[in-house]
Amino acid sequence: MGLPKSLAALRERNYRLLFFGQVASVVGDNMTPVALSFAILDRSGNARQVGVVLGASTVAMIVFLLGGGIIADRIPRRLVMLSSDVLRFLAQSLTAALLIDGHWHLWQLVALQVVWGAAAAFFFPAMTGLVPEVVSQHRLQQANALQNLSWSIGAVAGPGLAGLLVATTGAGAAVAVDAATFLVSAGTLFRLRLPARTARNGRSTALGDLRDGWRLFRSKTWLWVIVLQFSLWHMLVYAPVIVLGAVVAKEHLGGAAAWGTILAVFGIGSVLGGVVALHVRPRRPLLVATLCTLGFAPTPALLAAVAPVPVIAAGALLGGAGFAMFGTLWDTTLQREIPREMLSRVSSYDWLGSLALLPVGYALAGPIAATLGVSTTLWLATGWLVATTLGVLAVPAVTGLRWSPPIATVTPHAARANPLWPRPEEPGARQDGPSSGDEVAAAD
């Protein structure tokens, strides 16, 4: 394939299939919240019902994340992801049918979003573990940058496409498109050619697996420190910005169009950050990643100051770029530093820790703002972000981490059988790490 060096991961057949399947799925995922919101508001005009339906998937994901990590480390990750895609296809197909029919009840939408969230809880830890299995190690950061880029594109394209479909054909059609994207994802996953996974030694219980994952998670200072940072960030920074940003826009900036513009520019910033992450390879990845999180600080500060919309949007652009960079470097660090056979479990702790307090933040943002004022609450969010980021930068385990040689658990037989694995004479080749994959690219 005649691709530039920055996109070389797409030369590898397995990763190319995974990437394009996920692009379709992510665009669909970003369509459904818009479609459901309009469907509920058109029926009842009740914003609380919108929150209940959209929050149901998040709560279900939080509940099932640890189980998803255990399962993804026990059985083939592709099978876990395929099963999740099928369940989410069914959930969204039924949702679309209810919306098209028009005779639905709120509890039905809530129940189907619970199914969606539970299935997603199995998908994402498996996804984190699968990426190193489908791309060469020296292209791992590039693959993660492309993954984050696909999510950013979905965040920009999905809501716009949903709005167009809702306006022309109805909310049910938008959700039906989302359902179809899960079939696209499942089809690409089915076509992957993966080596056999090494059999696990001995027998272990689910509780034992959970305990082993926790021990490893707790033993990595850089890991739990940053997860703790983001757990509190979601509650004390992100949730207030999302809730109160809309309030500021409505009262001072001209309404929903202004807030939509700011969020769209944030998405554009994340696309730009993903492009930068394709080219930058820092020697101390978590130092750079943590510094990038400071890029979000201008957004709550400018909202608190009620700056003009273009100025807030410029801050959002910087924040989007920073978090795209962080996501790429963080995912790559996890995949390089955590043993492959425990990666999904550790990833599930990461997902759980990062998301667990988000619903609490949504619930508290309004009452806190009512007590302290919207502007004060947003200034406190800005101060918290800056102070905790500086605190993380004072942790040597974070700033001093350098990427070590990849950790992998593969038998010599599997290595010989898999064309992604290197010949010993190749420069930088290891018996326990994937090769450049150029042989596969040439074969394609």
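Along the charge dipole of the chain, Cβ charges K/R +1 and D/E -1, which of 114, 219, 385 sits furthest on the positive end?
Of the listed residues, the answer is 219.
Take the Cα of residue 207, step 7 Å along the line toward its Cβ, and report every residue of the stretch 38-78 whose backbone nitrogen sits under 16 Å from that point.
67
Using the Karplus curve 6.51 cos²θ - 1.76 cosθ + 1.60 with θ = phi - 60°, work out ³J(HN,Hα) for each residue of the stretch 52-61 in order, rounded to whole Hz, and write x for Gly and Pro.
Running phi through 6.51 cos²θ - 1.76 cosθ + 1.60 with θ = phi - 60° gives 5, 5, 5, x, 4, 5, 5, 5, 4, 4 Hz.
To the nearest 20 debye, what charge dipole does the chain have about its Cα centre, counting +1 at the Cβ of each Lys and Arg and -1 at the Cβ of each Asp and Glu? Could the numbers behind the result be given before it?
Numbers: 31 positive and 21 negative charges, 196 e Å.
Dipole magnitude for the chain comes out near 940 debye.
Report, to the nearest 10°, how far helix 106-134 tilts away from the longest principal axis of the Cα atoms in the chain, using its own Cα long axis and a range of 0 to 90°.
30
Which angle from 0 to 90°, rounded to the nearest 10, does the C-alpha axis of helix 206-219 make with the longest principal axis of the chain?
90
Checking a compactness column here: for the stretch 1-194, what do you get for Rg(Cα) / (2.2 N^0.38 Å), N being the number of residues?
Numbers: Rg = 17.2 Å, N = 194, 2.2 N^0.38 = 16.3 Å.
Here the Cα radius of gyration is 1.05 times the empirical estimate.
At 0.36 nm per residue, and after removing the present C-alpha to C-alpha distance, how many nm does the segment from residue 232 to residue 283 gain when stretched out fully? If you can, show how the numbers build up before the last one.
Working: separation 51, 0.36 × 51 = 18.36 nm, distance 2.73 nm.
The span from residue 232 to residue 283 would gain 15.6 nm if fully extended.
Compute the projected area of the convex hull of the Cα atoms of the stretch 116-230, averaged over all viewing directions, and report it in nm² to one decimal place. Walk me through the numbers on the way to the answer.
Details: hull surface 42.0 nm².
Result: 10.5 nm².
Residue 34: net charge of surrounding residues, Cβ under 13 Å, Lys/Arg +1, Asp/Glu -1, itself excluded? Can you show the working numbers first?
On the way: positive: none; negative: 29, 42, 178.
Net charge around residue 34: -3.
Any chance you could list P(r) for the stretch 43-92, counting all Cα-Cα pairs in 10 angstrom bins from zero, rounded to whole %?
21, 40, 26, 11, 3
Using r as the Cβ-Cβ distance of residue 363 and residue 5, and R0 as 56 Å, what FRET efficiency do you calculate, to the nearest 0.05?
Details: r = 47 Å, r/R0 = 0.84.
Computed FRET efficiency for residue 363 and residue 5 comes out at 0.75.
Distances over 23 Å make up what percent of all Cα-Cα pairs in the stretch 231-343? Mind dumping the intermediate values first?
On the way: 2187 of 6328 pairs.
Within the stretch 231-343, distances greater than 23 Å cover 35 percent of Cα pairs.
How big, on average over all directions, is the shadow cast by the Cα convex hull of the stretch 86-136, in nm²?
On the way: hull surface 16.1 nm².
Its Cα hull, projected and averaged over all orientations, spans 4.0 nm².
Read phi for every residue in the stretch 271-276 and hand back ³J(HN,Hα) as whole Hz from Karplus 6.51 cos²θ - 1.76 cosθ + 1.60, θ = phi - 60°, with x for Gly and Pro.
Using θ = phi - 60°, the values come out as 5, 5, x, x, 5, 4 Hz.
Roughly speaking, what % of Cα-Cα pairs in the stretch 208-428 are separated by over 27 Å, rounded to a whole number? Write out the running numbers ahead of the final one.
Details: 9947 of 24310 pairs.
Roughly 41 percent, rounded to a whole number.
Going by average Cβ density within 10 Å per residue, which order do the peptides 147-154, 222-229 take, highest to lowest? Display every interim value, and only then the final one.
Working: 147-154: 22.8, 222-229: 19.9.
The packing order, highest mean first, is 147-154, 222-229.
With the alpha-carbon atoms as the only input, what is the per residue convex hull volume for the chain in Å³? Mind showing how you got there, number by number?
On the way: hull volume 62.8 nm³, N = 444.
So the per-residue Cα hull volume is 142 Å³.
What's the extension gain from residue 157 to residue 311 if we count 0.36 nm per residue and subtract their Cα-Cα distance? Mind showing how you got there, number by number?
Numbers: separation 154, 0.36 × 154 = 55.44 nm, distance 2.30 nm.
Working it through step by step, the gained length comes to 53.1 nm.
Provide Rg and Dmax in Å for the stretch 289-335, with only Cα atoms included in the calculation.
12.3, 41
When only C-alpha pairs under 8 Å and at least 6 residues apart count, what is the relative contact order of the chain, in percent?
Details: 734 pairs, mean separation 105.2, N = 444.
Reported relative contact order: 24 percent.
Which semi-axis lengths, in whole Å and largest first, follow from the square roots of five times the eigenvalues of the Cα gyration tensor of the stretch 238-280? Walk me through the numbers on the way to the answer.
On the way: eigenvalues 145, 25, 5 Å².
Ellipsoid semi-axes (Å, largest first): 27, 11, 5.
Where nothing but the Cβ of Lys and Arg (+1) and of Asp and Glu (-1) is charged, how large is the charge dipole of the stretch 208-428 around its Cα centre, in debye to the nearest 20?
Working: 14 positive and 9 negative charges, 89 e Å.
So the magnitude is around 420 debye.
List, largest first, the extents of the alpha carbons of the stretch 1-106 along their principal axes, each in whole Å.
Extents along the principal axes: 51, 35, 22 Å.
What's the magnitude of the charge dipole for the stretch 1-194 around its Cα centre, counting Lys and Arg as +1 and Asp and Glu as -1 at the beta-carbon? Answer in Debye, nearest 20.
Details: 13 positive and 8 negative charges, 126 e Å.
Computed about the Cα centre, the dipole is about 600 debye.
A short reminder: the numbers here are calculations on the coordinates, not readings from a lab. Bear in mind the structure is a predicted one, so any value in this text is a computation, not a measurement. Note: ideal-geometry Cβ built from the backbone for every residue, glycine included; neighbour counts use all protein chains shown.
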